[in-house]
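See below for the structure under consideration.
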Amino acid sequence: MNIDEARQKFEEAGYETWITERMAGVRNKVARKTLWIRIPKEKFREAMQFFKDMADQYPHFSIISCTDFGSNVELNYHFALGYGGRLEEFVITFKVSLPKNDLKIDSIADIFPAVIYSEREIREMMGIDVINIPDDRHMFLTKDFPSGVYPWRRDETGVKETNKLYERWKDEA
Amino acid sequence: MKHDYEIAVGPIHPSLKEPILLRLTIEGEEIVDVDVIASQNHRGIEWIGMNRNNPIQSIYLAERICGICNFCHPSNLVMAIEEIAGIEPPERAQYIRVIQGDLERIHSHLLWAGVAAHEIGFDSLLHYTWMVRERVMDVLETVNGNRVTKAIIMYGGVRRDIDEEKAKLIRKMCSYYREAFNKLAKLFLEDDTIKKRTREIGILKYEDALKLATAGPTTRASGVKKDVRQDFPYFAYPDFDIHAITPDELLGYTVGDVYDRIVVRLLEVKQSIEIIEEALDNMPSGDILAEKKLVKLMAKIKGSEGEAVARYEAPRGEDIHYVMLKQGYEPLYSWKVRAPTYINILSWRPMLLGYQIADIPIIAASIDPCISCTNRFAVVKDGEEKIINADYFHRLSIQKTRRLMK
């Protein structure tokens, strides 16, 4: 399955999609492409199941990245499809936006078991409530890490204490 | 009557290069349950990149994410930002990046091979492998001025050229490795003791490798034909005919055990030598940096907005960075780093289940984890904690090797 076929399937299913690309190679110029798909949060699980069923090979899960935009938080689920061929792989990223006052997302660990570490990570780093997560312990932060502090946030719940040294240096300079 | 014990390997352990804790439930000698606890040391690198550093400083920060793959992380960051800001690196720089990347792969795989030999108590092989590895370290030092953190990559190119003199040195190194390769392959692949300690040990099935999204040699050793250099275009790699190496190439079949992981890494050393030689032969001439003035470069990056995903085949597998820039905001607005070990440690569970305590070091090391070192583990028996040091643990492993040699 190539990127255009994948895009068409998601377009038909009613999702907003777009492609970005960048050239690589010197003598043999090939574009590397990323397919971006925006998913409303209510349809998230449905879309993930749809993705797994439509793919002609097991989707390779990479990571969940997470950005705080003030009033909302955006999650990107990065996957790759098309591996095993020659320069045919593309990245496929699902974007889900969550309002700050309702940071909840369904777990997809039953669909893609590899997401578990990443789901645990967004839970502790961004304070997102992952519904039905099979393992809700801390992943990278220690178990005595203060509650209500989320290192990736850009609001009052972000990390401030660790900045002490830097702030002092800035004042002195 | 059965006694279930829980032992903890880590947080600091010689077969793991970074602090991580493995909690294993043991029934006699057999491992029946595995839990990985990673919360030992979080350096907040992404946070620094998103709050404190400017993007140029972040290259050097990314370089320090990992000492061994110190080229792959900055490469990913640079690739992502070049895509967002529309910076085109010159052709020659793209070739130099390929050479740098594969020099790193050679040194990393040889380092791993040495560690693997040490884990099963074959220390003379450790010393031999690391002696062989010194050659590539010398070349790295001559070419980059540094053995480890090379500070070679820059937005829009590389910082140092590879001239004729240095190219000659690299070519000499390649022919040295061609010879050394045969000897190393014989030592690692034909030795009976190594076979006994690694064959049918720590098996990761093809289906599990796919399901757990494992990357790099770990996944290829289970027969998954997946290599970012082959699959996904970046740098000058599309110019080269690269294929994902699986153990069946050498043996005709794939088991997915520790032995297969040795096979894959050894063959990849050979593949890297070929890539480097081809890159030196076909290197285009010209500039190595698109924009030499840092202030201008910074202004361009600061004025750019957008997001990009960059991927790179690090020695341990797929490395991926997600970067978002926002106009007028100097640090990266969003930065997510995922090193290959992040995803590969998931495969420890299926690999360890059903094997013996003495197999833990070699199985844990077989995915080439990029996590730091243990000295002791605690045994909890009848509620009493007893600390056992690394020497004892290592001795257990050596004893098993000796037993098998008899």
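The values are calculated or read from the model by the stated rules, or taken from the named source; none is laboratory data. What you see is a predicted model, and the numbers here were worked out from it, not measured in a lab. So basically every Cβ, Gly included, is an ideal-geometry build from the backbone, and we count neighbours across all protein chains shown.
Kindly provide the set of residues from the stretch B:81-102 that are buried (at least 23 other Cβ atoms within 10 Å of the Cβ), charged (D, E, K, R) and more than 17 Å from residue B:62 (Cβ to Cβ), ordered by number. If the condition is that a residue be buried (at least 23 other Cβ atoms within 10 Å of the Cβ), charged (D, E, K, R) and more than 17 Å from residue B:62 (Cβ to Cβ), then B:102 is the only one that fits. Would you check if there is a residue in the stretch A:130-142 being acidic (Asp, Glu), more than 7 Å from every other protein chain (Cβ to nearest Cβ), in contact with a helix residue (DSSP H, G or I) (Cβ under 9 Å, 6 or more places away or on another chain) and in a loop (DSSP other than H, G, I, E, B)? Looking for residues that are acidic (Asp, Glu), more than 7 Å from every other protein chain (Cβ to nearest Cβ), in contact with a helix residue (DSSP H, G or I) (Cβ under 9 Å, 6 or more places away or on another chain) and in a loop (DSSP other than H, G, I, E, B), one finds at least one in the stretch A:130-142, hence yes. Reported count of residues in the stretch B:248-270, each being under 30 Å from residue B:92 (Cα atoms), of a type outside the set (A, V, I, L, M, F, W, C) and under 16 Å from the mean Cα position of the chain (by Cα), is 2.
Residues are listed down the side, and each one gets a yes or a no for (1) under 22 Å from residue B:51 (Cα atoms); (2) in contact (Cβ under 8 Å) with a residue 60 or more places away in the chain:
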{"residue": "A:50", "(1), (2)": "no, no"}
{"residue": "A:68", "(1), (2)": "yes, yes"}
{"residue": "A:76", "(1), (2)": "yes, no"}
{"residue": "A:90", "(1), (2)": "no, yes"}
{"residue": "A:101", "(1), (2)": "no, no"}
{"residue": "A:105", "(1), (2)": "no, yes"}
{"residue": "A:132", "(1), (2)": "no, no"}
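Considering the stretch B:22-43, and only residues there that are more than 14 Å from chain A (Cβ to nearest Cβ) and either of a type in the set (A, V, I, L, M) or closer than 21 Å to residue A:64 by Cα (or both), the residue that is surrounded by the most Cβ atoms within 10 Å (Cβ to Cβ) turns out to be B:22.
Being facing another protein chain (nearest Cβ under 7 Å) and part of a strand (DSSP E or B) is a property that does not hold for residue A:17.
Residues B:108, B:39, B:58, B:75: which one is of a type in the set (Ser, Thr, Tyr) and without any contact (Cβ under 8 Å) to a residue 40 or more places away in the chain? Matching residue, one of B:108, B:39, B:58, B:75: B:39.
Inspection of the stretch B:243-265 finds no residue satisfying the criterion of being part of a helix (DSSP H, G or I), within 14 Å of chain A (Cβ to nearest Cβ) and closer than 24 Å to residue A:23 by Cβ. Of the residues making up the stretch B:230-240, none is more than 13 Å from chain A (Cβ to nearest Cβ), at pLDDT 90 or above and within 22 Å of residue B:98 (Cα to Cα). Among the residues of the stretch B:78-113, which ones are under 19 Å from the mean Cα position of the chain (by Cα) and aromatic (Phe, Trp, Tyr)? Across the stretch B:78-113, the qualifying residue is only B:112. The set of residues in the stretch B:93-105 that are in contact (Cβ under 8 Å) with a residue 60 or more places away in the chain and over 30 Å from residue B:394 (Cα atoms) comprises B:93, B:94, B:95, B:96, B:97, B:98, B:99, B:101, B:102, B:103. Would it be correct to say that residue B:225 is over 30 Å from residue B:57 (Cβ atoms) and not in a helix (DSSP H, G or I)? In short, yes. I'd like the full set of residues that are among the charged types (D, E, K, R) and under 24 Å from residue B:120 (Cα atoms), limited to the stretch B:249-269. Passing the criteria: B:257, B:260, B:261, B:265, B:268.
Taking the criterion of being crowded, with 24+ Cβ neighbours inside 10 Å and either at the interface with chain A (Cβ under 7 Å from one of its Cβ atoms) or in contact (Cβ under 8 Å) with a residue 60 or more places away in the chain (or both), the residues of the stretch B:212-225 that qualify are B:212, B:213, B:214, B:215, B:216, B:217, B:218, B:219.
Give the residue that is farthest from residue B:40 (Cα to Cα), with candidates limited to residues of the stretch A:143-173 that are at the interface with another protein chain (Cβ under 10 Å from one of its Cβ atoms) and at pLDDT 85 or above. Residue satisfying both the conditions and the ranking: A:154.
Checking B:82, B:46, B:88 one by one, the residue that is out of contact with any Cys (no Cβ under 7 Å at 6 or more places or on another chain), assigned to a helix (DSSP H, G or I), at the interface with chain A (Cβ under 10 Å from one of its Cβ atoms) and closer than 16 Å to residue B:235 by Cβ is B:82 and no other. Would a scan of the stretch A:111-125 turn up a residue that is within 12 Å of chain B (Cβ to nearest Cβ), in a loop (DSSP other than H, G, I, E, B) and either within 15 Å of residue A:48 (Cβ to Cβ) or touching a residue at least 60 places away in the same chain (Cβ under 8 Å) (or both)? The answer is yes, given that some residue of the stretch A:111-125 is within 12 Å of chain B (Cβ to nearest Cβ), in a loop (DSSP other than H, G, I, E, B) and either within 15 Å of residue A:48 (Cβ to Cβ) or touching a residue at least 60 places away in the same chain (Cβ under 8 Å) (or both). With respect to the conditions (1) of a type in the set (Asp, Glu); (2) more than 10 Å from chain A (Cβ to nearest Cβ); (3) surrounded by 23 or more Cβ atoms within 10 Å (Cβ to Cβ), residue B:330 lacks only one, and its number is (3). The set of residues from the stretch B:276-307 being crowded, with 21+ Cβ neighbours inside 10 Å and within 14 Å of chain A (Cβ to nearest Cβ) comprises B:279, B:288, B:307.
Right, residue B:56: hydrophobic (A, V, I, L, M, F, W, C) and surrounded by fewer than 17 Cβ atoms within 10 Å (Cβ to Cβ) or not? Considered against the rule, which asks whether it is hydrophobic (A, V, I, L, M, F, W, C) and surrounded by fewer than 17 Cβ atoms within 10 Å (Cβ to Cβ), residue B:56 comes out as yes.
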